[in-house]
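Quick notes on the structure that follows.
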Amino acid sequence: MLSRCMISAVVLLAASSSAVAAAERSPALKPPANTNAPWAIEWLSPDLKDAATPRTLVLCSDRMDEQLRRYRSLIEKLSVLKGYTILDGSKPQTHKQEAGSIGYVIFAHRGNEDLAVNSCVANYPEVRAFVADFIEKELSSQQNSVQDLIRLGILPKGALPRQCFGKTYYPAEGTKTWLADVGIDGSSDNRCLDEFLPFTFGINPNYCSSSAVCR
């Protein structure tokens with residue numbers, strides 16, 4: 001089964017290569033008439049929809065206020081996400097969560113990974129291991145994948161390395177509900193958050209590009 005990260009990479013590559021052609025042959029897309037309708041949302045995996053996302057999310061970020069606002073706004077605007085809660089990982093929580101019901105969202109701009117980790121580590125020390133694994137194993141692997149795509153002719157020669165990196169961690173092989181979602185933004189215009197935010201819930205990032213609900 002393809003991982004959520006691999007599915008996201010294919011979606012984003014397809015989107016970048018077809019954006020110009022789509023703009024030339026189609027009128028500008030308008031926000032869905034009913035953003036509360038689950039069928040109006042483009043899901044990465046329609047059979048699962050948001051079922052793989054833990055109901056309680058702890059955010060660890062280098063820009064906590066901005067990203068908390070974005071996540072909470074999306075949850076509020078889409079009724080299909082009713083029941084989800086995202087917490088500020090820098091603040092101690094007064095109640096314990098049931099095992100398996102909590103997920104960690106760790107997102108930082110490149111070079112600020114320590115800020116994201118340190119914002120939460122006093123309350124959730126386990127986030128350090130996810131970020132360490134991602135930096136040590138995944139960043140170079142995902143960067144090398146661009147060269148493989150160029151070699152295979154999927155990307156043109158001279159294509160720039162990806163700026164948005166991410167990995168989803170699961171508690172055990174074969175499980176569908178994830179434990180941690182780690183994202184690194186190497187861009188200068190915050191484009192990676194626009195992709196990472198809906199992806200947390202299994203929503204296709206293209207949906208957010210063609211509607212107003214993700215802002």
Within the under-10-Å Cβ sphere about Cys192, not counting Cys192, Lys/Arg +1 and Asp/Glu -1 give a net charge of -1
Amide H proximity to Trp43 below 5 Å, modelled H, separation 5+ or other chain, gives Asn204
Quick calc: nm separation of the 7 Å Cα→Cβ label points for Ser145 and Ser188 -> 2.6 nm
Sorted by chain and then number, the residues having a modelled amide H within less than 5 Å of the amide H of Val105, at least 5 places away or on another chain, are Val58, Leu59, Cys60, Asp181
Looks like segment 54-210, by Cα gyration tensor root eigenvalues a ≥ b ≥ c and the a/c under 1.5 rounded cutoff (else prolate when a/b is bigger than b/c, oblate otherwise), is prolate
Contour minus Cα-Cα span, Glu173 to Lys82, at 0.36 nm per residue, comes to 30.0 nm
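Read the figures in this text as sums done on the coordinates, not as results from a lab. Just so it is clear, the structure is predicted and the values come from calculations on it, not from any experiment. Note that we place each Cβ from the backbone using ideal geometry, even for glycine, and neighbour counts take in every protein chain shown.
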